[in-house]
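*Asks:* This is the structure I have questions about; it appears just below.
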Amino acid sequence: MYNVSRNNFYDNQKRSTIYTPQRLSQFLFDLVKDQIEPTGLVLDPCVGGGSLLAPFAAAGFRTIGIDITDQGWPDTHQRNYLDVQPGDYPTPALVIANPPFNVEAKTKMIMKAEYGARPLLPEVWLKKTVSLFGGDVPMVMFAPYGLRLNQTINSRRWQAFLTGAFPPISSILSLPKDIYQDVLFHSEVLFFNIPGLKPHDFFPG
């Protein structure tokens, strides 16, 4: 059965970098390009090879990528996103991120100290982005279904959505579980603070 335990990154390690298919990056760009400030900064806090930023850069947007390793994207700032402090970067017009599937020992230590035991990685990246740029920053975030579904009423994630600790979701893009090469993973794309999109859509492939 395809289930959460099979994809628990603590127990079943995957490669840290799972590349976003270029066709999906282009699809996301086409969705949001007219919804953000054309002269603004687009920031990817786990840029990898730059798939998500490439369409924005090609269209003339300013881009910055952050990653613990430089994987070739020309605007990569090689640092741990969880070490970034308020004021290190200007508030972006858009944060777009497909958080890593695994993290190295230092990041796990930071996560445990600041976010509790065994949080979802997209949850950490979401909280970090809000802490840096505020709850109104437009965001496109890849996440497993478990970030918003299958919660108890008292769960921290459920309460974060209820209390406004997480920004309101503007739109959801459902993805097939085989969207990533060589990996099956239940995921979706969440849009925060981006009005004007359909409430829900399916990636056509």
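Each value in this text was obtained by applying a stated rule to the coordinates, not by laboratory testing. Treat the numbers as computed from the prediction; the structure is a model and nothing was measured. All Cβ positions, even for glycine, are placed from backbone atoms using ideal geometry, and neighbour counts span all protein chains on display.
*Asks:* Return the distance in nm (one decimal) between the two label points of a simple spin-label model at Ser131 and Gln26, each offset 7 Å from Cα along Cα→Cβ.
*Replies:* The modelled label-to-label distance comes out at 3.8 nm.
*Asks:* Could you give the alpha-carbon Rg of the chain over 2.2 N^0.38 Å, rounded to two decimals?
*Replies:* Working it through for the chain, the quotient is 0.96.
*Asks:* If the cut-off is a Cα-Cα distance under 26 Å, which lysines reach Lys112, setting aside same-chain residues fewer than 8 apart in sequence?
*Replies:* Lys14, Lys127, Lys128
*Asks:* Let me ask something else. What is the ratio of the Cα radius of gyration of segment 125-205 to 2.2 N^0.38 Å, where N is its residue count, to two decimals?
*Replies:* Against the empirical 2.2 N^0.38 Å value, I get 1.14 for segment 125-205.
*Asks:* Go ahead and set up a Gaussian network model of the chain, Cα springs under 10 Å, then flag whichever of Val130, Val140, Val42 fluctuates most.
*Replies:* Comparing Val130, Val140, Val42 in the GNM, the peak value goes to Val130.
*Asks:* Here is a further query. Calculate the FRET efficiency for Asp201 and Asp70 from the Cβ-Cβ distance with a Förster distance of 35 Å, rounded to the nearest 0.05.
*Replies:* It comes to 0.55.
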